[in-house]
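J.: Pasting a structure below so you can have a look.
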Amino acid sequence: YIQNCPRGGKRALPETGIRQCKSCGPGDKGRCFGPSICCGDGFGCLLSSPETAHCVEENYLLTPCQAGGRPCGSEGGHCAASGLCCNSESCMVDS
């Protein structure tokens, strides 16, 4: 007996425990990186702007999320937009 389907059927997503952070920004094309940081391809990073207002909701969700690509910087950041590295508190130019 071989079972290689995930619980919930073959179209179910694997249970990794980490989800994508909330979408934000123009057209919801970015991801929240912190309570007041929204980054995405095409517009870079927005800090403390109206587009970041609902990013604060992440603070009240019980499951962790991860935004961005590969780890970068010395402060636990992730690649946010072209040449930018952000953590939950700030962004910096990634060299």
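J.: Filter segment 35-89 for residues that are among the aliphatic types (A, V, I, L, M), outside any loop (DSSP other than H, G, I, E, B) and under 14 Å from the mean Cα position of the chain (by Cα) and give the result.
T.: Those that are among the aliphatic types (A, V, I, L, M), outside any loop (DSSP other than H, G, I, E, B) and under 14 Å from the mean Cα position of the chain (by Cα): ILE37, LEU46, VAL56, ALA80, ALA81, LEU84.
J.: Now, a different point. Pull out all pairs, ordered by first then second residue, where Cβ-Cβ is under 8 Å, the residues are six or more apart or on different chains, the first lies in segment 51-76 and is at positive phi and surrounded by 11 or more Cβ atoms within 10 Å (Cβ to Cβ), and the second is in a loop (DSSP other than H, G, I, E, B) and at pLDDT below 85.
T.: What qualifies is GLY73/ASP94.
J.: It is to be established whether one or more residues within segment 1-19 are at pLDDT 90 or above and polar (S, T, N, Q).
T.: There is no residue in segment 1-19 that is at pLDDT 90 or above and polar (S, T, N, Q).
J.: A further question on this structure: What about LYS22, is it more than 16 Å from SER88 (Cβ to Cβ), in contact with a strand residue (DSSP E or B) (Cβ under 9 Å, 6 or more places away or on another chain) and modelled with pLDDT of 90 or more?
T.: Against the criterion (more than 16 Å from SER88 (Cβ to Cβ), in contact with a strand residue (DSSP E or B) (Cβ under 9 Å, 6 or more places away or on another chain) and modelled with pLDDT of 90 or more), LYS22 does not qualify.
The values are calculated or read from the model by the stated rules, or taken from the named source; none is laboratory data. Here the structure is a predicted model, which means the values were calculated and not measured. Positions of Cβ are backbone-derived with ideal geometry, glycine not excepted, and every protein chain shown enters the neighbour counts.
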